[in-house]
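Let me begin by presenting the structure, written as structure tokens, before commenting on it.
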Amino acid sequence: MNTLDAGGVRKRYLHTTALAGVDVTAAPGQVVGVLGPNGSGKTTLLKILAGLLRPDAGTVTVAGESGYPALHRNVAFLPDRDFLYGWMTVRGAGGWYARLYPDFDAEGFGRLTRLMGLDPAARVRALSKGTAEKLGLALTMAREAPLTVLDEPLSGVDPVARDEIIRAIVSGIRPDAALVVTSHLVGELETLLDRVVFLADGRVTLSGDAEELRAERGVSLDGLYKEVFAR
């Protein structure tokens, strides 16, 4: 059984179609990349997967369950913007997440923060963009949810921070869970991805097994991204 089954997902904002019948699946142990330029509908899709938005049509099932309470429980979501209070410390943010989510692994959170060199006593308001991104990732990856969803985890951070974030993602991948990640920095994530979904203007333009697509097209995913979205 797939961890994630999303079919025919549609969403409109007034006169704008954000998603026009998107299908995404992820099996246990798989990392699925939803790839596309800004404005392609990636964030809207991830918010729907996490239960933060309701689709106008289509279905989303995670670990065999659907609907807001189940998605909130079954999906660990890292948004693409700040979501922590500035007065919190790194350690305090971990305690807050532990109270919010029964599946939060405090030991795993400690391991991830050490891996990324986070100071437990540091205040969120004092963290750089890259360090704040690391903290958000550590909190999200420390949940033992069936599905983890990361929205642009590498956006706006320097190359050193990117490497640390990628190592943390790799260390947090579990064989019994799936991970969906969005990015337009395809080259940075290419080695992680088992499946890809190329999204443009709310529509899937290409999807499939990453290795098969590379073999069929004779290019890397980064090269394929450039071909798909060339203007």
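Looking only at the range 54-81, filter to residues that are within 18 Å of A168 (Cβ to Cβ) and in a loop (DSSP other than H, G, I, E, B); which one of those is least open to solvent (accessible area, probe 1.4 Å)?
This residue is P79.
I need the full set of residues from the range 106-117 which are open to solvent by 50 Å² or more (accessible area, probe 1.4 Å) and assigned to a loop (DSSP other than H, G, I, E, B), in order please.
G117
Please specify each residue of the range 65-105 satisfying the condition of being modelled with pLDDT under 95, out of contact with any helix residue (DSSP H, G or I) (no Cβ under 6 Å at 6 or more places or on another chain) and among the small types (G, A, S).
S66, G67, A70
Exactly one of these conditions fails for Y85: (1) assigned to a loop (DSSP other than H, G, I, E, B); (2) within 19 Å of the chain's Cα centre (by Cα); (3) within 28 Å of A126 (Cβ to Cβ). Give me its number.
Result: Y85 fails condition (2) only.
Within the range 125-231, which strands (runs of 3 or more DSSP E) (wholly inside it) include 2 or more residues that are open to solvent by less than 20 Å² (accessible area, probe 1.4 Å) and hydrophobic (A, V, I, L, M, F, W, C)?
147-151, 178-183, 195-200
Rundown of residues vs (1) without any contact (Cβ under 8 Å) to a residue 60 or more places away in the chain; (2) over 18 Å from L192 (Cα atoms); (3) not aliphatic (A, V, I, L, M), yes/no style:
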| site | (1), (2), (3) |
| --- | --- |
| Y13 | yes, yes, yes |
| P28 | no, no, yes |
| V32 | no, no, no |
| P37 | no, yes, yes |
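When you look at P120, is it touching a residue at least 60 places away in the same chain (Cβ under 8 Å), open to solvent by 10 Å² or more (accessible area, probe 1.4 Å) and not hydrophobic (A, V, I, L, M, F, W, C), yes or no?
Values: touching a residue at least 60 places away in the same chain (Cβ under 8 Å): no; open to solvent by 10 Å² or more (accessible area, probe 1.4 Å): yes; not hydrophobic (A, V, I, L, M, F, W, C): yes.
No; evaluated as a whole, the condition is false for this residue.
The values are calculated or read from the model by the stated rules, or taken from the named source; none is laboratory data. As the structure is a prediction and not an experimental result, all values here were calculated from the model. When we count neighbours, we look across all protein chains shown, and the Cβ atoms used for this are built from the backbone with ideal geometry, even at glycine. Note: areas computed on protein heavy atoms with side chains; ligands, DNA, RNA excluded. Shrake-Rupley method; radii C 1.70, N 1.55, O 1.52, S 1.80 Å.
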